[in-house]
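The values are calculated or read from the model by the stated rules, or taken from the named source; none is laboratory data. Not measured: the values here are computed from a predicted model. Neighbour counts are summed over all protein chains in view; Cβ atoms, including those assigned to glycine, are modelled from backbone coordinates with ideal geometry. Side chains included, ligands, DNA and RNA excluded: accessible areas come from the protein's heavy atoms. Shrake-Rupley method; radii C 1.70, N 1.55, O 1.52, S 1.80 Å.
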Amino acid sequence: MSTLWQTGDDEWKREPEDRSNLDKSQGAERVNMAASVSPLCSSFRRYTGVLRLCTKLDARRQFVHRSATRQAATVISGTEMARQVHREVQRDVDDWVSRGNLRPHLSVVLVGSDPASHTYVRNKTKAAAALGISSETLLKPSSISQDELLELIYRLNRDWRVSGLLVQLPLPGNYEVKTQTRRRALLSSHTEHINERAVCNAIAPEKDVDGFHVVNVGKLCLDQRSVVPATPAAVWEIIKRTGIQTAGRNVLVAGRSKNVGMPIAMLLHTDGRHERPGGDATVTIAHRCTPRERLKELARLADIIIAATGIPHLIMADMVKEGAAVIDVGINRIQDPKTGKIRLIGDVDFEEVRKKAGFITPVPGGVGPMTVAMLLKNTVTAARNALVH
């Protein structure tokens, strides 16, 4: 019996066991050529062929980086995965425009002067331009009234040139209330005047690329096709593209925010056979009222841990079971004690947890880039939906 090997030019060749049989079937000239090749070179060709085959079969996992240590986790590069999504979105945009349709357009309303919000918006519009999506940023002062903001949203809803629309959250007053609760009484009267829920519901559902409108949230909970919020969509896409199994697995979602934790839990626990397929996982949600010891117990049972709390290093190594997948959604700005500079860390103790986990996302370079990519994917979807509405 002979062995099959795949060569570098993708042709299958047979490795002969009997040189005389080869001579009879293929001629003396080919035998002489084969005999002139050293065993070392022959082995190298076989190795190269198999290696190239494996590379092709594993191409969809090019965004994972395996650590040198066997026990260490596979680090999922959100940056590399986002590039893959960008290429797909760009092809969709080119195809859409080539059919004579209007180029997708994203309008972003940015209220106030929060540096982080300005950075996020810059990243979104820069990425949009690179993919052929036009965009605009409408800057408004933090003193804007709710009525003025709603009127701006209604105008953009009526503008047929706008495919997707979002208001960057948190709004100034809501941000201050959440981060300065001890000084709440000292805040000026204009800081709490805008209702975020009213703002989100004012955006037309078909243009709501953030997926925060109550109609889109309701459809998500009912397993219907809808615009999925960008960050939960990013987490779900990371899990699927990495090949992490969810059906029947235990998942812990740390964080219950309506824009991140709750939608992630909905995506992962719902039925995979429904209109909007879910992950068929057994999902537990932990939050600020979950005792620390109980959180540890739940985490140790989880096959997948998704941390979205905004608490630096909440998830430690002693809370993670061997081989678990850990997705870190947290973005926390802390001052580096050595350099004095501000740096980003997640909700997970990355360096320690990676020694036990099977998969892990870094911060930065994990969920963040994928969130922007999924937002742009939502924008293209909104442009297509505009024809229906």
Residues of segment 331-362 classified as without any contact (Cβ under 8 Å) to a residue 40 or more places away in the chain and open to solvent by less than 50 Å² (accessible area, probe 1.4 Å), total: 8
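For Ile327, state whether it is within 24 Å of Thr119 (Cβ to Cβ) and open to solvent by less than 30 Å² (accessible area, probe 1.4 Å). Reasoning before the result, please.
Details: within 24 Å of Thr119 (Cβ to Cβ): yes; open to solvent by less than 30 Å² (accessible area, probe 1.4 Å): yes.
So Ile327 fits the description; yes.
Tell me, which helices (runs of 4 or more DSSP H) wholly within segment 30-143 include 2 or more residues that are modelled with pLDDT of 95 or more, of a type in the set (D, E, K, R) and surrounded by fewer than 18 Cβ atoms within 10 Å (Cβ to Cβ)? Show your work before the answer.
Details: elements: 39-57, 78-98, 115-130.
Answer list for segment 30-143: 78-98, 115-130.
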Some residue of segment 255-262 being surrounded by 17 or more Cβ atoms within 10 Å (Cβ to Cβ) and in contact with a Pro (Cβ under 8 Å, 6 or more places away or on another chain): yes
Those residues of segment 208-236 which are part of a helix (DSSP H, G or I) and open to solvent by less than 20 Å² (accessible area, probe 1.4 Å), in sequence order: Asn216, Leu220, Ala230, Pro232, Ala233, Ala234, Val235
Hits in segment 324-374 (condition: charged (D, E, K, R) and within 18 Å of Ile306 (Cα to Cα)): Asp328, Asp347, Asp349, Glu351, Glu352, Arg354, Lys355, Lys356
Residue within segment 291-301 that is in contact (Cβ under 8 Å) with a residue 24 or more places away in the chain and under 20 Å from the mean Cα position of the chain (by Cα) present: no
Cross-chain or 6+ apart pairs with Cβ under 9 Å, segment 150-163 first and over 17 Å from Thr379 (Cα atoms), then modelled with pLDDT of 95 or more and open to solvent by 30 Å² or more (accessible area, probe 1.4 Å): Leu150/Ala198; Leu152/Leu138; Leu152/Lys140
Residues (surrounded by fewer than 19 Cβ atoms within 10 Å (Cβ to Cβ), in contact with a Lys or Arg (Cβ under 9 Å, 6 or more places away or on another chain) and modelled with pLDDT of 95 or more) located in segment 153-192: Asn157
Of all residues in segment 337-363 being under 20 Å from Ile327 (Cβ atoms) and of a type in the set (Lys, Arg), the one that is nearest to the chain's Cα centre (by Cα): Arg354
Residue within segment 122-129 that is out of contact with any strand residue (DSSP E or B) (no Cβ under 6 Å at 6 or more places or on another chain), of a type in the set (Val, Ile, Thr) and without any contact (Cβ under 8 Å) to a residue 60 or more places away in the chain present: no
Test result for Ala383, in contact with a His (Cβ under 7 Å, 6 or more places away or on another chain) and either within 20 Å of His86 (Cβ to Cβ) or open to solvent by 10 Å² or more (accessible area, probe 1.4 Å) (or both): no
